[in-house]
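Data block below; observations after.
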Amino acid sequence: MSDNLVLEAKSVSKFFGTITALQNVDLHLNKGEVLGVVGDNGAGKSTLMKVLSGLYKPSEGSLFFDKEKVTLNSPRDSQNLGLEMVYQDLALAGNLPIGDNIFLGREPTRKVGPFNFLDHKKRKQLTEEHLAKLKINVKSADQKVEELSGGQRQAVAIARATAFNAKIVLMDEPTAALAVKEVGKVLDLILNLKKLGVSVIVISHRMDDIFTVCDRVMALFQGTNFAQSELKNTSRDEVIGWIMGKKD
Amino acid sequence: MDHGEERLMDKNQETLFVRLIPFFERYGILLLILIMIAVLHLLQPDVFLSWRNVTNVFKQVSWQSMLALGVFMVIVTAGIDLSVGSIIMLSLMGLAIASKAGMPWYVVMLVAPAIGFLCGMFNGIGITLLRMPHPFIMTLGTLYIFRGIGNLISGGVPITGFAEEIRVIGNGKIKLDAFFGEGAREYIPTSLILMIVIFFIFWIFLNHTRIGKWIYAIGGNPGAARAAGINVDRILIVVYTLCGFLAGIGGLILAGRTNSAYPNAGLQSELDAIAAVIIGGASFFGGRGTVLGVFAGVMIMGILRNGLNLMNVSVFWQQVLIGSIIILAVYIDVLRRQLATRT
């Protein structure tokens with residue numbers, strides 16, 4: 001198991017002034033594994049994700065990518081190491097087409113003389129290939145994001161996160177804003193990523209999500225590791241108990 | 001996508017009205033221009049489409065179109081620039097003073113765009129670094145500041161008489177003797193050529209470069225742009241600087257056209273520029289609009305003013321009409337958003 005380790009956090013603590021958001025938290029993630037992170041509001045889930053993505057610097061503790069110790073100064077650093085975050089508020093520009101959103105900030109260009117121009121053809125082609133690889137169905141790569149349903153937007157956000165061969169994807173409540181009938185599609189997409197060898201960390205309140213896609217689940221309680229288990233060795237009732245701080 | 005949802009979507013989109021929206025979004029404005037031209041031609045058959053009148057319209061819109069193009073980019077970022085009318089006046093005054101000081105004409109010609117550039121950069125830096133709550137406030141301030149400085153350096157009096165080389169941009173004529181025979185009166189104004197070239201360059205910039213794409217992204221969702229690693233503040237400074245630069249070019253054209261720098265130059269022309277942009281289909285909420293639309297908006301304003309003047313309609317009615325068109329154009333935008341956005 002440890003041969004496949006892609007990400008590890010060792011006794012990470014994060015203090016905001018006198019408030020302790022995280023205290024000696026450990027986390028590990030294997031290649032192609034889907035890890036569910038659960039916990040009540042304020043348990044430290046989002047803070048932990050922000051530490052892993054480089055948005056926050058840990059006050060104590062260290063991070064390892066592919067078993068190498070790293071210091072992240074910004075989300076750019078974690079991106080360069082192959083970690084992408086899918087934001088809860090879906091960082092997409094609704095006025096732009098799907099392809100433009102997926103490649104925003106990293107647009108393919110071609111040189112004409114001294115100038116760099118957008119390579120519209122290549123972007124369209126890469127977008128279509130990538131959507132097909134993830135089995136995301138949309139009418140056209142040129143459709144504007146604002147014309148899409150919530151589930152399709154979430155799919156575009158995930159496509160954006162994985163367009164540059166991300167090895168690790170963090171998702172903060174990927175199904176929270178979705179209509180019930182769309183949740184299944186996003187969960188299918190997560191399973192698809194797993195098949196492609198991508199490791200995923202999913203924060204979710206929904207036990208259905210956790211028990212559909214995750215291999216392992218860990219619970220935070222008041223900023224500390226509370227419990228964790230392979231999914232097959234636990235039950236919904238037990239996990240719900242962990243969220244509330246109860247252990248048998 | 002499951003089949004139930006697919007059917008639902010198709011059904012929505014098969015509504016004729018909804019299907020026509022993209023068509024009108026793209027071509028409706030050109031249709032409007034053609035109708036205006038046809039109507040004015042019928043009303044004034046000898047005058048309106050005469051060479052002299054058409055070139056006159058183009059000469060008039062050429063400097064105004066520079067302001068509209070700059071303000072358009074700013075509006076795409078969901079911002080606003082109220083100071084362009086004052087920038088055009090200040091750059092015109094700077095040009096006049098440089099000319100009076102006896103500087104060579106090629107230096108004088110650079111003065112106006114350079115002043116515009118610096119004014120725009122000042123706006124951009126103020127909006128981003130001073131963290132003004134809205135560009136409206138910063139550029140409202142500079143609307144007063146720039147015109148005040150223009151009056152301070154000129155003493156508040158007009159300065160007239162520029163060298164022919166300076167006037168060539170705004171007043172130059174490209175003779176068409178080759179087509180119409182020796183000594184023909186038909187010509188193409190230099191300012192029309194300049195306008196077409198500049199609009200083409202900015203069309204390339206906005207549609208075929210990364211920065212152009214980012215300008216639209218910022219207008220659509222600045223948070224998304226930031227999350228994508230785009231330096232939003234830097235792009236905004238670029239946009240406001242280019243807007244000021246274009247106003248400076250407008251000042252250069254106006255210098256050639258009027259052969260004078262006067263305290264009221266460009267007064268309220270920022271409002272005409274905003275009106276042209278909105279009529280041209282850009283959304284005030286940012287992220288939406290095209291360079292061709294701006295051109296059309298400028299032409300609609302120009303043709304309308306020209307036509308109403310030819311018909312001897314009072315300036316007061318012109319104001320009422322232009323105001324009504326702005327409100328109608330924005331109302332169409334509101335309807336479009338309601339119908340086109342699935343929530």
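The values are calculated or read from the model by the stated rules, or taken from the named source; none is laboratory data. Keep in mind it's a predicted model, so treat the numbers as computed, not measured. Methodologically, a virtual Cβ is constructed for each residue, glycine included, from the backbone with ideal geometry; neighbour enumeration extends over all protein chains shown.
Side notes on the structure shown:
- Residue match in the stretch B:176-184 (condition: more than 27 Å from B:LEU95 (Cα to Cα), in a helix (DSSP H, G or I) and within 14 Å of chain A (Cβ to nearest Cβ)): no
- Of all residues in the stretch A:1-48, those satisfying the criterion of being in a strand (DSSP E or B) and among the polar types (S, T, N, Q) are A:SER11, A:SER13, A:THR20, A:GLN23, A:ASN24, A:ASN30.
- Residue match in the stretch B:57-70 (condition: in a helix (DSSP H, G or I), modelled with pLDDT under 90 and surrounded by fewer than 21 Cβ atoms within 10 Å (Cβ to Cβ)): no
- The condition (being under 14 Å from A:GLY39 (Cβ atoms) and either of a type in the set (Phe, Trp, Tyr) or surrounded by 19 or more Cβ atoms within 10 Å (Cβ to Cβ) (or both)) is satisfied by just one residue among A:MET207, A:MET244, A:MET218, A:MET171: A:MET218.
- If the condition is being of a type in the set (Val, Ile, Thr) and over 28 Å from B:PRO189 (Cβ atoms), then the stretch B:118-170 contributes B:ILE125, B:ILE127, B:THR128, B:ILE137, B:THR139, B:THR142, B:ILE145, B:ILE149, B:ILE153, B:VAL157.
- Per the conditions (1) crowded, with 20+ Cβ neighbours inside 10 Å; (2) touching a strand residue (DSSP E or B) at 6+ places or on another chain (Cβ under 7 Å), the sole criterion not satisfied by A:LEU92 is (2).
- Only residues that are of a type in the set (Val, Ile, Thr), within 29 Å of A:GLU146 (Cβ to Cβ) and away from chain A (no Cβ under 14 Å) were counted in the stretch B:288-335, giving 10.
- Any chance A:THR162 is of a type outside the set (Phe, Trp, Tyr), over 23 Å from B:ALA217 (Cβ atoms) and touching a helix residue (DSSP H, G or I) at 6+ places or on another chain (Cβ under 9 Å): no
- Within the stretch A:79-143, strands (runs of 3 or more DSSP E) holding 2 or more residues that are of a type in the set (Asp, Glu) and closer than 30 Å to A:LYS45 by Cα: none
- Candidate set from the stretch A:110-145 (those that are more than 25 Å from B:ILE204 (Cβ to Cβ) and without any contact (Cβ under 8 Å) to a residue 12 or more places away in the chain); member that is nearest to the other protein chains (Cβ to nearest Cβ): A:ASN137
- Reported count of residues in the stretch A:9-49, each being of a type in the set (D, E, K, R) and surrounded by fewer than 21 Cβ atoms within 10 Å (Cβ to Cβ), is 4.
- Cβ-Cβ under 6 Å pairs, at least 6 apart or on other chains, the stretch A:71-82 side away from chain B (no Cβ under 14 Å) and under 10 Å from A:ILE168 (Cβ atoms), far side outside any loop (DSSP other than H, G, I, E, B) and among the aromatic types (Phe, Trp, Tyr): A:LEU81/A:PHE65
- Meets criteria (crowded, with 17+ Cβ neighbours inside 10 Å and within 13 Å of chain B (Cβ to nearest Cβ)) for A:ASN101: yes
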